[in-house]
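What follows is a single structure, written as structure tokens, with notes after it.
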Amino acid sequence: MKKIRILFAISWTFIALGAFAVFGLGESDDKDYQDSDHNTTNTAQECEVPSFAKAIGHEELWLKHNGCPPTKEQEKANKE
């Protein structure tokens, strides 16, 4: 009977750790990945898209992931 209790406790521990790994604690603080929220505190120099991002066509993603506002062209495309 003691071994069953230990097995039960270990299994619930793994279930709890798995739930924590999937859902985490509380709300996410990552606001950069939401389309409506853009961090405009970066300077123009910090928001300059590097050549490697331009070469692979990921200018929009680079700006989004680095907390930069979208370009005027991107805003026009999103409105259409």
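The values are calculated or read from the model by the stated rules, or taken from the named source; none is laboratory data. Not measured: the values here are computed from a predicted model. As a convention, Cβ positions derive from the backbone with ideal geometry for all residues, glycine included, and neighbour counts pool all protein chains shown.
Tallying residues that are loosely packed, with under 10 Cβ neighbours inside 10 Å and either part of a helix (DSSP H, G or I) or at pLDDT 85 or above (or both) within segment 57-80 yields 3. Checking each residue in segment 42-55 for being without any contact (Cβ under 8 Å) to a residue 24 or more places away in the chain, over 19 Å from A77 (Cα atoms) and surrounded by fewer than 16 Cβ atoms within 10 Å (Cβ to Cβ) picks out T43, A44, Q45, E46, E48, P50, S51, F52, A55.
Residue by residue, here is whether (1) closer than 19 Å to C68 by Cα; (2) of a type in the set (F, W, Y); (3) at pLDDT 95 or above holds:
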| residue | (1), (2), (3) |
| --- | --- |
| M1 | no, no, no |
| F14 | no, yes, no |
| L17 | no, no, no |
| F20 | no, yes, no |
| F23 | no, yes, no |
| S28 | no, no, no |
| D32 | yes, no, no |
| D35 | yes, no, no |
| T41 | yes, no, no |
